[in-house]
1. Consider the stretch 76-111. How many of its residues are over 14 Å from the mean Cα position of the chain (by Cα) and modelled with pLDDT under 95?
2. Go through the stretch 54-111 and count every residue that is in contact with a strand residue (DSSP E or B) (Cβ under 9 Å, 6 or more places away or on another chain) and on the phi > 0 side of the Ramachandran plot.
3. Which numbered condition in (1) surrounded by fewer than 18 Cβ atoms within 10 Å (Cβ to Cβ); (2) among the aromatic types (Phe, Trp, Tyr); (3) under 20 Å from Arg102 (Cα atoms) is the only one that Phe28 fails?
4. Spot the failing condition for Arg56; the list is (1) within 23 Å of Gly104 (Cα to Cα); (2) more than 13 Å from the chain's Cα centre (by Cα); (3) surrounded by fewer than 15 Cβ atoms within 10 Å (Cβ to Cβ), and only one is missed.
5. Looking at the stretch 81-96 only, could you name the residues that are under 21 Å from Leu29 (Cα atoms), touching a residue at least 40 places away in the same chain (Cβ under 8 Å) and surrounded by fewer than 17 Cβ atoms within 10 Å (Cβ to Cβ)?
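The values are calculated or read from the model by the stated rules, or taken from the named source; none is laboratory data. Here the structure is a predicted model, which means the values were calculated and not measured. Using ideal geometry, Cβ is built from the backbone for each residue, glycine included, and neighbour counts are taken over all protein chains shown.
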Amino acid sequence: MKRKLDRGVHVGDGQYASPASFLLMSGFLVYQAQSVDPNVRNLSRDIIDVVLTAARADGFTKGDILETMMSRGDMSERVWALAEEATGAIGDTNAFLALLQRAGIRREGSR
C-alpha cells in the first residue's frame, strides 16, 4: 500500500504550508501584522485558540510558552519546534484541517 505524501495545508497556487507554519502565520497575523483586517485577525485568533485547545487535550503542555513566543514575534528554532509539537499532537494535516472544519473555520478563510 502506497502512503500518501503529507505536503501540508494547500494555500493556493500549488503551494503548501505545514500545520506548524499555518499556526505560526496565524500568530503573526494576531500579534505582529499592524494593518491586518480585523476579520482576518479574529479568524487567526480563533485558529490559535482551536489548535492550542486541541493540542492541550492531546497532551501538549507548552501552549502558554508557544503563545508568549508568538506574541513576541519570536521565530527561533524553538518556537518552530513548539509549533510542530503542538500541531503534531493533533495529528497529520488531514486531522489538522478536520479540526479547523469542526470548529467552523472554512478553507476560504471565513466562518
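1. First, pick out the residues of the stretch 76-111 that are over 14 Å from the mean Cα position of the chain (by Cα): 76-78, 102, 104, 108, 110-111.
When the remaining residues are screened for being modelled with pLDDT under 95, the result is 102, 104, 108, 110-111.
Number satisfying all stated conditions: 5.
2. 0
3. (3)
4. It fails just one condition, (3).
5. Listed by number, the list holds a single entry, Glu84.
Per-residue answers, yes or no, for (1) among the charged types (D, E, K, R); (2) in contact (Cβ under 8 Å) with a residue 12 or more places away in the chain:
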residue: Gly8; (1), (2): no, yes
residue: Ala20; (1), (2): no, yes
residue: Gln34; (1), (2): no, no
residue: Leu52; (1), (2): no, yes
residue: Gly59; (1), (2): no, yes
residue: Arg102; (1), (2): yes, no
residue: Ile105; (1), (2): no, yes
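One line per residue, one yes/no per condition, for (1) more than 14 Å from Leu24 (Cα to Cα); (2) among the acidic types (Asp, Glu):
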{"position": "Ile48", "(1), (2)": "no, no"}
{"position": "Phe60", "(1), (2)": "yes, no"}
{"position": "Ile65", "(1), (2)": "no, no"}
{"position": "Asp74", "(1), (2)": "no, yes"}
